[in-house]
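**Q** Let me give you the structure first, and then I'll get to my questions.
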Amino acid sequence: MPDTTNRSVSAFTALGTARTDKVQLPESTFDGTINMPVMHQAVKAFMANQRQGNASTKIRKYVVGGNQKPWKQKGTGRARQGSTRAPHFVGGGTVFGPTPRAYDEYVPRQVRALAKKSALNARANEGAIYVIDAFNFEAPRTAAMINLIGRLDVADKKVLVLTDGVKPNVFLSGRNVPNVHVMPYTDSSTYHILWSDVVLVEAGAIGTTLDPITEDAAAPKRERPAAKAAAKKAPTAKKAAAKKSAAKKTAAKKTTAKKSAAKKSTAKKSTKKRGK
């Protein structure tokens, strides 16, 4: 029996700041209906429709060559053969091999809608649906998406981000993040919802409007004491290396200057002797 009670879920901002108010999911979609056979049918059809069906083999009449008998009919002691393109010859044709075909499966629209509703209700029962007030990314930024899933503590899960319409900046922000898939709410299917462990849906996509709030900046990552000590030692080591290199350079310059001065003095002495 479907559960007709309203479901309230947690709401967050695009930076991962938790909102005090909870969001009531719409009854039209989240009514508790979970139909397993319909979800199975929708997922099976979706995966079948992804197949291209390009596998192709040739039967013996399409293989090039083998028009003549490989040897005469009688007198050789071997079995009679009519062509080297027979299936039992190397390079011969294939028997019952695959040929290009369509794997498309059609599922009625109402069945697809019921399957998608069942998948959303399944995730709602698990408490795996979070509402984001608005994805207002001014520019593509992968760090923003990483900070969001990090603050929601879902970085180790498969996350499906459903936006209110097409938002290229949000899509580009999550494109390079492993196990994060961004797509419009209307384009999502039963397969995508069941693939994910957590669903982040924009408030506008489910017909809810949330007032903007003051967002907290993402908390900086804490460095380990060892990392801090290494970071402090690194500048001193670099300075020491720089001092050593500078000392070597000055010493080399001094030795070069001394050698040139010695050469000049010897040259002057030799010219004086020649003048005498």
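The values are calculated or read from the model by the stated rules, or taken from the named source; none is laboratory data. Predicted model only: the values in this text are computed from it and were never measured. All Cβ positions, even for glycine, are placed from backbone atoms using ideal geometry, and neighbour counts span all protein chains on display.
**Q** Within the range 183-200, identify whether any single residue is at pLDDT below 75 and surrounded by fewer than 17 Cβ atoms within 10 Å (Cβ to Cβ), and answer yes or no. Outline the logic, then answer.
**A** Taking the range 183-200 first, the residues at pLDDT below 75 are none.
The answer is no; no qualifying residue exists.
**Q** Residues in the range 92-110 that are under 29 Å from the mean Cα position of the chain (by Cα) and among the hydrophobic types (A, V, I, L, M, F, W, C): how many?
**A** Counting residues in the range 92-110 that are under 29 Å from the mean Cα position of the chain (by Cα) and among the hydrophobic types (A, V, I, L, M, F, W, C) gives 2.
Listed here are the residues, each with its yes/no results for (1) small (Gly, Ala, Ser); (2) more than 34 Å from the chain's Cα centre (by Cα); (3) assigned to a helix (DSSP H, G or I).
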residue: Pro37; (1), (2), (3): no, no, yes
residue: His40; (1), (2), (3): no, no, yes
residue: Val43; (1), (2), (3): no, no, yes
residue: Ala55; (1), (2), (3): yes, no, no
residue: Gly65; (1), (2), (3): yes, yes, no
residue: Lys69; (1), (2), (3): no, yes, no
residue: Gly77; (1), (2), (3): yes, yes, no
residue: Gly82; (1), (2), (3): yes, yes, no
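**Q** Taking strands (runs of 3 or more DSSP E) that fall entirely within the range 107-204, which contain at least 1 residues that are assigned by TED's automatic domain parsing to the domain that holds Ser28, closer than 23 Å to Thr20 by Cα and among the hydrophobic types (A, V, I, L, M, F, W, C)?
**A** Working: elements: 129-132, 159-163, 180-184, 198-202.
Because the criterion is at least 1 residues that are assigned by TED's automatic domain parsing to the domain that holds Ser28, closer than 23 Å to Thr20 by Cα and among the hydrophobic types (A, V, I, L, M, F, W, C), the strands (runs of 3 or more DSSP E) in the range 107-204 that meet it are 129-132, 159-163, 198-202.
**Q** Let me ask something else about it. Would you check which residues across the range 50-92 are of a type in the set (Lys, Arg) and under 30 Å from Glu105 (Cβ atoms) and list them?
**A** From the range 50-92, those of a type in the set (Lys, Arg) are 51, 58, 60-61, 69, 72, 74, 78, 80, 85; that's our starting set.
Across the range 50-92, the qualifying residues are Arg51, Lys58.
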